[in-house]
1. Condition (residue is in contact (Cβ under 8 Å) with a residue 60 or more places away in the chain, more than 16 Å from the ligand (Cβ to nearest atom) and either over 21 Å from TYR183 (Cα atoms) or buried (at least 18 other Cβ atoms within 10 Å of the Cβ) (or both)) applied to region 92-107: is it met by at least one residue?
2. Check off (1) within 16 Å of the ligand (Cβ to nearest atom); (2) within 29 Å of PHE137 (Cβ to Cβ) for ARG67 and give me the number that stays unchecked.
3. Looking only at region 139-171, which residues are in contact with a helix residue (DSSP H, G or I) (Cβ under 9 Å, 6 or more places away or on another chain), more than 16 Å from the ligand (Cβ to nearest atom) and within 30 Å of ALA212 (Cα to Cα)?
4. Is it the case, given these coordinates, that GLN169 is closer than 30 Å to HIS39 by Cα, loosely packed, with under 14 Cβ neighbours inside 10 Å and not aliphatic (A, V, I, L, M)?
5. LEU44 versus (1) of a type outside the set (Ser, Thr, Tyr); (2) within 21 Å of the chain's Cα centre (by Cα); (3) at pLDDT below 95; (4) within 16 Å of the ligand (Cβ to nearest atom): which is the lone unmet condition?
6. Those residues that are surrounded by 10 or more Cβ atoms within 10 Å (Cβ to Cβ) and not basic (Lys, Arg), I need them from region 46-68; list them, please.
7. Which residues, counting only those in region 194-247, are aromatic (Phe, Trp, Tyr) and in the same structural domain as LEU25 (by TED's automatic domain parsing)?
8. Do we find a residue being touching a residue at least 60 places away in the same chain (Cβ under 8 Å) and away from the ligand (no atom under 16 Å from the Cβ) anywhere in region 109-126?
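The values are calculated or read from the model by the stated rules, or taken from the named source; none is laboratory data. All values derive from a computational prediction rather than experimental measurement. Cβ atoms come from the backbone with ideal geometry, glycine included; neighbour counts cover every protein chain shown.
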Amino acid sequence: MSPQPTPPQPDPAFRHELVLTGPPLHLRLPDVCANCGAHAATPLYWEKVVLVTDSEGSASRVVEGMRAPFCPHCRAAHEREVKRISPLLSLLQCFRSEVMIGAVLTGGAALFFGWKLLPDLNDDLWSVAAWVALVAFFGLIALGCVSAAWRATRWRTVPALTSITSSLQWRAETAGLFEGDRYRYTIRHPAFYDALLALNQDKVWKPTGARARRAAGWRKALYIVLGVAAVLVLFWEYFGEFLRREW
Ligand SMILES: [Zn+2]
């Protein structure tokens, strides 16, 4: 096997952060490799698992996707490093969810009734329709259970980041009301940073920028409307009875 050419290495000291509004998959991408800064025309899609905690403190794992260009050298290095799970093993992960008990039971019921009642079917349209409805009823519940189990366990099938895909990290920032989603990107290569910034200038989040001021304006308007509504309700509570008696 011929030795693989080494891609140009980025400056290890360079790690730049950028906060951009909108989801990561909506970024405008430059023709620059996110890892080494070389020319790269085709974007690569990859995923990572994020631990999300809700307001009640319960945590769940969410799969988030990202798309960025990598040059052929970096792509090849990524393919060598990435450890994908086989489709069969991915499917078997579903059985780690207890919802699969429901899938096995209802799937079994669909097969049992389908097979058991098949000899009793005659040319009567209604008996055929009832047989189809019964099998479809249990079959659809089983499919719903498999789909729920697949969604609940899919994070287990997401491969770990490689040295290539870790060149572009992202995480959601906590946004205020009306501000929209925004993400903080940590970028390894200065050329990719400059090119991404140039293409997405309109998405750059500034705490004192037009978007933040607009959101603050909307929040203020909402609080005024809620305040006025609260005053009207209080007024009606205290004086409504009096007014009704007078008029
Ligand atoms: Zn590259």
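1. yes
2. Tallying (1) within 16 Å of the ligand (Cβ to nearest atom); (2) within 29 Å of PHE137 (Cβ to Cβ), ARG67 fails exactly one: (2).
3. The one that is in contact with a helix residue (DSSP H, G or I) (Cβ under 9 Å, 6 or more places away or on another chain), more than 16 Å from the ligand (Cβ to nearest atom) and within 30 Å of ALA212 (Cα to Cα): TRP170.
4. When the stated conditions are applied, GLN169 does not pass them.
5. Result: LEU44 fails condition (3) only.
6. The initial filter retains those residues of region 46-68 that are surrounded by 10 or more Cβ atoms within 10 Å (Cβ to Cβ), namely 46-50, 52, 60-68.
Correct list: TRP46, GLU47, VAL49, VAL50, VAL52, SER60, VAL62, VAL63, GLU64, GLY65, MET66, ALA68.
7. TRP205
8. From region 109-126, those touching a residue at least 60 places away in the same chain (Cβ under 8 Å) are none; that's our starting set.
Within region 109-126, not a single residue is touching a residue at least 60 places away in the same chain (Cβ under 8 Å) and away from the ligand (no atom under 16 Å from the Cβ).
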